[in-house]
Amino acid sequence: MHDCLHYGSFREYRIWGGRVVRTAYGINRRDEYGRSYSAPDPSAAGPTRNLGVVMEGAGDREARKIARAAVVRCGVQEPEHPVDRIAYRDAVGLLDEEDRERLADPRFLVGLHKTGAASLLVAMRGYERAVGLRYAAFLAETGGDQADELHAAS
């Protein structure tokens with residue numbers, strides 16, 4: 001979804017030093033070397049200030065909303081198996097604190113390395129920390145009690 005937002009949005013090119021350089025991709029400005037002006041968040045950051053993370057978080061939240069509507073409409077039930085249940089909850093935007101704790105618990109991954117599920121869960125945990133939780137913190141800090149309205153406006 002994030003890449004679709006970029007693809008369908010504003011792009012700007014300039015000539016610098018005799019070569020064509022993309023200076024904007026979506027709404028994220030770039031320097032002559034293609035580096036984003038939106039600095040990476042410090043490792044201990046809570047709410048993000050990185051435009052790429054905000055766009056990724058907003059796009060992902062919308063994609064999850066669409067997936068949730070589809071599973072409700074089609075009557076898809078939440079799976080019983082713990083790994084499948086977390087993947088389902090992630091896909092439809094229903095991860096809760098208990099799920100996040102389970103993802104952070106190395107004991108949960110025991111025995112899953114042979115199936116490939118461990119790699120999926122580790123990636124899911126990293127994405128949730130780097131994007132999902134930081135975007136939610138950004139919305140809460142910036143939008144306060146109107147965080148949902150702020151997201152809807154994005």
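When restricted to residues that are under 24 Å from Gly59 (Cβ atoms), over 18 Å from the mean Cα position of the chain (by Cα) and exposed (fewer than 12 other Cβ atoms within 10 Å of the Cβ), the stretch 71-120 contains 4. Taking the stretch 59-98 as the search range and keeping residues that are touching a helix residue (DSSP H, G or I) at 6+ places or on another chain (Cβ under 8 Å) and at pLDDT below 90, which one is farthest from Ala39 (Cα to Cα)? Filtering first and then ranking leaves Pro82.
Regarding Ala63, is this residue out of contact with any Lys or Arg (no Cβ under 9 Å at 6 or more places or on another chain) and in contact (Cβ under 8 Å) with a residue 60 or more places away in the chain?
yes
Take residues that are within 30 Å of Val21 (Cα to Cα) and tell me which of the helices (runs of 4 or more DSSP H) falling wholly in the stretch 36-150 contain 3 or more. In the stretch 36-150, the matching helices (runs of 4 or more DSSP H) lie at 51-74.
Within the stretch 121-142, the residues that satisfy the criterion of being among the small types (Gly, Ala, Ser) and surrounded by 16 or more Cβ atoms within 10 Å (Cβ to Cβ) are Ala130, Gly132, Ala136, Ala137.
Residues are listed down the side, and each one gets a yes or a no for (1) touching a residue at least 12 places away in the same chain (Cβ under 8 Å); (2) in contact with a strand residue (DSSP E or B) (Cβ under 9 Å, 6 or more places away or on another chain); (3) of a type in the set (Ser, Thr, Tyr):
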site: Leu121; (1), (2), (3): yes, no, no
site: Arg125; (1), (2), (3): yes, no, no
site: Gly132; (1), (2), (3): yes, no, no
site: Tyr135; (1), (2), (3): yes, no, yes
site: Leu139; (1), (2), (3): yes, no, no
site: Gln146; (1), (2), (3): no, no, no
site: Glu149; (1), (2), (3): no, no, no
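The values are calculated or read from the model by the stated rules, or taken from the named source; none is laboratory data. Computed from a predicted structure; not experimentally measured. Methodologically, a virtual Cβ is constructed for each residue, glycine included, from the backbone with ideal geometry; neighbour enumeration extends over all protein chains shown.
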